[in-house]
């Protein structure tokens with residue numbers, strides 16, 4: 001494989017590092033800079049509407065009953081609909097409402113990054129990989145472009161990777177406890193997953209990769225079976241370090 | 001009005017990029033690069049409407065029409081012909097199963113471009129593998 005020059009950019013939005021890698025025609029010209037600026041602005045817009053850390057955000061006001069859904073931008077209804085679909089499909093383990101608090105963060109991240117990637121898809125003859133706090137959208141422009149090689153972080157040692165997935169077009173999302181203890185709980189019981197350390201899902205779009213990774217992680221020991229039943233591709237790393245591939249040709253592993 | 005202009009500009013940039021031209025926000029320049037068979041029509045305001053050649057893209061033929069006023073400012077962009085194929089189709093399932101790597105392998109040896117991990121926060125980013133990759137020379 002020939003080495004392809006990769007240009008990289010980083011910004012921090014929504015408390016997360018947003019990383020962009022570009023290869024091909026538009027890596028460091030005005031078109032690339034414009035697309036990156038648009039992608040970052042999209043994420044900032046989403047943050048203004050959906051942040052649960054901002055008391056004045058639309059979602060915070062909606063959660064306090066100061067706004068009706070009809071008064072919100074249409075994307076709020078879209079995100080809540082996605083959250084509801086994920087709640088039903090995960091048998092309630094995933095829920096944007098817990099204990100009376102509205103927190104659609106579990107839906108918003110992947111959905112927002114997928115929206116931000118729209119500006120990058122317009123760059124002709126350019127490959128991109130857009131990452132937001134460990135979730136990624138990847139795209140290559142031509143049939144001869146090499147895939148992006150995405151390392152899946154070891155949940156027990158963030159300096160190592162446990163697997164690599166080559167992605168030409170698609171998304172990779174990982175959910176787990178690394179870096180932020182107790183972030184995901186089973187919405188039915190409030191329990192923090194104990195038998196699973198991380199769940200990675202590879203899918204066509206990041207919205208559902210992220211939803212499914214989060215829901216599967218909340219389902220804890222049922223994670224791999226649930227993903228398999230949904231026909232998903234991914235990797236479950238158990239708390240004891242065992243790795244379980246999920247997918248059509250996956251075979252049981254160490 | 002501002003929103004309309006912005007939307008017009010973004011349409012234009014999308015179309016220009018789809019064509020694969022170098023970025024240009026100037027109508028006459030775009031017309032000049034569309035080739036000899038470009039047709040121009042004078043319109044009432046003293047501006048022109050220019051229809052570009054049909055460009056063959058990966059996703060099928062694309063043709064755009066750009067209207068400019070007397071100053072050469074773009075006033076309208078119409079896509080005369082869209083590709084009928086949906087390019088997203090090419091991307092469906094354009095990924096493979098993850099490949100497990102030797103657990104003792106240092107990340108630097110795994111030849112990776114990006115990292116997927118559980119909620120890397122801005123606070124934790126400095127120590128992260130993704131941070132190391134982001135700082136790698138191009």
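Of A:70, A:77, A:81, which residue is more than 13 Å from chain B (Cβ to nearest Cβ), part of a helix (DSSP H, G or I), more than 26 Å from residue B:131 (Cβ to Cβ) and over 23 Å from the mean Cα position of the chain (by Cα)? None of the other options fit; the residue is A:70. Just give me the residues in the range A:1-33 being facing chain B (nearest Cβ under 9 Å), more than 20 Å from the chain's Cα centre (by Cα) and without any contact (Cβ under 8 Å) to a residue 12 or more places away in the chain, in sequence order. Of everything in the range A:1-33, those that are facing chain B (nearest Cβ under 9 Å), more than 20 Å from the chain's Cα centre (by Cα) and without any contact (Cβ under 8 Å) to a residue 12 or more places away in the chain turn out to be A:29, A:30.
Please go through the range A:141-158 and pick out each residue that is more than 7 Å from chain B (Cβ to nearest Cβ) and surrounded by 22 or more Cβ atoms within 10 Å (Cβ to Cβ). Answer for the range A:141-158, where residues must be more than 7 Å from chain B (Cβ to nearest Cβ) and surrounded by 22 or more Cβ atoms within 10 Å (Cβ to Cβ): just A:154. Against the criterion of being under 18 Å from residue A:160 (Cα atoms), facing chain B (nearest Cβ under 8 Å) and at pLDDT below 90, residue A:243 does not qualify.
Just one of the listed residues (A:49, A:113) is more than 23 Å from residue A:192 (Cβ to Cβ), within 14 Å of chain B (Cβ to nearest Cβ), at pLDDT 90 or above and under 19 Å from the mean Cα position of the chain (by Cα), namely A:113. Between A:199, A:185, the distinction of being more than 7 Å from chain B (Cβ to nearest Cβ), in a strand (DSSP E or B) and over 18 Å from residue A:120 (Cβ atoms) belongs to A:199 only. When the range A:120-140 is limited to residues that are under 12 Å from residue A:24 (Cα atoms) and touching a helix residue (DSSP H, G or I) at 6+ places or on another chain (Cβ under 7 Å), the one that is nearest to the other protein chains (Cβ to nearest Cβ) turns out to be A:124.
For the range A:165-174, give me the residue count where each residue is free of Cβ contacts under 8 Å to residues at least 24 places away in the same chain and surrounded by 23 or more Cβ atoms within 10 Å (Cβ to Cβ). Show your work before the answer.
We begin by selecting, within the range A:165-174, every residue free of Cβ contacts under 8 Å to residues at least 24 places away in the same chain; these are A:166.
Then drop every residue that is not surrounded by 23 or more Cβ atoms within 10 Å (Cβ to Cβ), which leaves none.
Going through the range A:165-174 one residue at a time, the tally reaches 0.
From A:212, A:205, which residue is surrounded by fewer than 24 Cβ atoms within 10 Å (Cβ to Cβ), within 16 Å of the chain's Cα centre (by Cα) and closer than 20 Å to residue A:88 by Cα?
After ruling out the rest, the residue left standing is A:205.
The values are calculated or read from the model by the stated rules, or taken from the named source; none is laboratory data. This structure is a prediction, so every number in the text was calculated from the model and none was measured. Every residue, glycine as well, gets a Cβ built from its backbone with ideal geometry; the counts of neighbours run over all protein chains shown.
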